[in-house]
Amino acid sequence: MSTRAQWGSEALLGVYRKALLIQLVDERMRSLLSSGRMAAVYYSPRGQEILAAAMGVHLKPTDYLVTSYRGVHDQLAKGIPLRLLCAEYYGKATGACKGKGGPMHITYPANGIMVTTGVVGGGLPIANGLALASQLKDDGRVTLCCFGDGASNIGAFHESLNMASLWKLPVIFLCQNNGYGESTRYEKATAVRHIGERAASYNMKGVTVDGNDPQAMWQAAADAVDRARAGEGPTLLEATTFRFMGHYFGDPGAYIPKEEYAAALARDPMPICRASVLKTGAATEAQLEELAREYTAQLDDALAFALDSSTPALEEIDRDIYAQGAFA
Ligand SMILES: Cc1ncc(C[n+]2csc(CCOP(=O)(O)OP(=O)(O)O)c2C)c(N)n1
Ligand SMILES: [Mg+2]
């Protein structure tokens with residue numbers, strides 16, 4: 001049980017606020033890409049908004065995040081400034097990585113966003129490193145490491161869980177199980193029914209929750225953060241969900257059975273969460289519309305900033321690659 005805020009209509013609204021921002025940013029990115037007004041690699045998190053938001057509300061700006069190519073929801077939930085995000089998507093010098101990283105490598109250490117990687121499973125050992133640093137410095141930070149179901153079959157997943165458990169590292173392994181790794185169905189590639197069960201092999205707390213259920217996800221996230229913060233060690237938290245836009249932007253998703261897609265769409269977490277917010281009275285329809293207008297204005301501003309910015313200078317090409325003086 002969390003020692004901080006209790007679940008209720010205010011907590012639900014907090015989750016929905018973050019989730020709505022994620023939804024609006026994702027919709028805009030896809031619209032820019034499909035109309036040719038942006039050229040970038042993009043992996044939509046549509047469908048996975050709630051789990052990221054419900055985790056994000058429990059994290060402090062000083063906590064660390066390690067995520068993957070499908071990580072814009074995690075980054076937004078962690079508080080990436082929209083201007084830095086958009087400028088990076090456009091490869092501009094004002095972007096989070098000075099325009100040299102692009103969408104697959106968003107970092108913003110000032111807000112704890114340490115690594116975004118395209119290497120499946122590659123984030124877990126790095127998360128252990130960050131968590132070990134926090135443990136040694138006793139700085140009270142928690143490291144959140146996000147990855148997919150496919151990543152849980154990579155060797156580094158198993159090695160990292162073993163080490164994190166052995167050393168009681170303050171890390172949360174958040175496996176976002178969206179049922180597919182590229183075009184491969186979960187059941188075709190994974191021997192266990194629930195990835196959360198794998199924690200038992202490493203003497204670690206393992207939990208499987210419906211990542212689309214705001215309350216269940218909020219509570220599981222609170223428990224995992226509290227455990228890490230209290231020095232009680234890591235958690236493997238499997239959040240089940242679904243990705244509506246396929247693997248990459250433009251993926252026709254022909255491998256997803258129509259019935260499965262329709263059933264998932266009927267449980268789309270965003271309209272369900274919005275309806276709950278209205279039902280509990282945490283916000284009115286007019287207030288939610290106002291919130292969407294606010295976010296849209298912030299996004300308009302961020303995109304205008306990105307378009308007005310310059311591309312990196314040529315001299316930047318070999319800067320920020322090695323530590324200064326590494327080979328002196
Ligand atoms: C080490 C490694 N192997 C393979 C790939 C190719 N690849 C990119 S995404 C992906 C699927 C990963 O699926 P999952 O972990 O479930 O994440 P999701 O895309 O569903 O969020 C694969 C195999 C890669 N990028 N890195
Ligand atoms: Mg997956």
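List of remarks:
- Check on Gly91, surrounded by fewer than 19 Cβ atoms within 10 Å (Cβ to Cβ) and modelled with pLDDT of 95 or more: no
- All helices (runs of 4 or more DSSP H) inside segment 33-93 with 3 or more residues being under 14 Å from Ala19 (Cα atoms): 49-56, 72-78
- Residue match in segment 310-320 (condition: in a helix (DSSP H, G or I) and crowded, with 18+ Cβ neighbours inside 10 Å): no
- Odd one out for Ser160 among (1) farther than 29 Å from Ala264 by Cβ; (2) open to solvent by 40 Å² or more (accessible area, probe 1.4 Å); (3) in a helix (DSSP H, G or I): (2)
- Within segment 135-157, if we keep just the residues that are within 16 Å of ligand 2 (Cβ to nearest atom) and open to solvent by 40 Å² or more (accessible area, probe 1.4 Å), the residue that is farthest from Tyr186 (Cα to Cα) turns out to be Ile154.
- Selection of first residues in segment 117-128 that are among the hydroxyl-bearing types (Ser, Thr, Tyr) and of second residues that are in a helix (DSSP H, G or I) and open to solvent by 60 Å² or more (accessible area, probe 1.4 Å), restricted to Cβ pairs under 8 Å at least 6 apart or on distinct chains, gives the following pairs, ordered by first then second residue: Thr117/His105; Thr117/Ile126.
- Filter result for Leu132 (among the hydrophobic types (A, V, I, L, M, F, W, C) and either at pLDDT below 95 or within 16 Å of ligand 2 (Cβ to nearest atom) (or both)): no
- If only residues of segment 42-63 that are touching a strand residue (DSSP E or B) at 6+ places or on another chain (Cβ under 7 Å), more than 12 Å from ligand 2 (Cβ to nearest atom) and open to solvent by less than 20 Å² (accessible area, probe 1.4 Å) are counted, the one that is farthest from Gln6 (Cα to Cα) is Asp63.
- The residue list Ala275, Ala283 contains one member that is in a helix (DSSP H, G or I) and modelled with pLDDT of 95 or more, which is Ala275.
- All of Leu76, Leu85, Leu132 fail the test of being more than 12 Å from ligand 1 (Cβ to nearest atom) and surrounded by fewer than 18 Cβ atoms within 10 Å (Cβ to Cβ), apart from Leu132.
The values are calculated or read from the model by the stated rules, or taken from the named source; none is laboratory data. These numbers come from a predicted model, not from an experiment. Every residue, glycine as well, gets a Cβ built from its backbone with ideal geometry; the counts of neighbours run over all protein chains shown. Accessible surface areas use protein heavy atoms only, side chains included; no ligands, DNA or RNA. Shrake-Rupley method; radii C 1.70, N 1.55, O 1.52, S 1.80 Å.
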